[in-house]
Amino acid sequence: MAQLTSITDGCDGEIARLKFLSSKFGAWLDDAFDRYIDMLIVIGMAYGYWMISQNSLVWPVATFAVMGLALLNYLPAKHRDIIDRKLAWYGPKFKRPGRLLLIMFAGITGLIFPTLILIALVSNLISISRIIVSVRENQNSAKNKAQKKYSQPVSHLSYFSLKSPDRDGSVEHAQKPQNPS
């Protein structure tokens, strides 16, 4: 079933592009449905494993896996290329086709619980790494903006923007000096 979703997921975007019907909203919607289906697959794996083994540890692991999968793609778009470049260590291995291949392998071998643990650990590790990189990039861009803002030459400042306190404590615009001519 997981492989069928992988095949149909690849086809719908291609059909939209061939018919010139692709859009940013369609890509976003496709991605949202992919996350939803991934979560349902993990819940189905957990339920199937629980029905066979009655091991209640599967539920916290599955919850952790679903949380990691839900967070995988939610990060600021302006940092996405930087994040992908800095986190290239995981490469395409744990993107959706890789996860679905891992799930197929788990179904064939019967290693459902270890696969759920692996999905939970890796998806959360990648999500947390992306959040950390995104926060750092956001701080760097804020520093760069501040440096640009305060590194402008003084000649750009208007004389009338300078303020000085008056005797009564109120702040008024400074007077423009008179030309002595």
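Nothing in this text is a laboratory measurement; each read-out follows from the coordinates by a stated rule. Worth saying up front: this structure is predicted, and the values here are computed from it rather than measured. Glycine also receives a Cβ, built like all others from the backbone with ideal geometry; neighbour counts cover every protein chain displayed.
Please order Arg136, Arg17 by the number of other Cβ within 10 Å, starting at the fewest. All intermediate terms of the calculation are to be shown ahead of the outcome.
Details: Arg136 14, Arg17 11.
Sorted ascending by nearby Cβ count, the order is Arg17, Arg136.
Within 10 Å of each residue's Cβ, count the other Cβ atoms and sort Thr109, Thr63, Thr115 from fewest upward.
Numbers: Thr109 10, Thr63 14, Thr115 22.
Ascending Cβ contact count within 10 Å gives the list Thr109, Thr63, Thr115.
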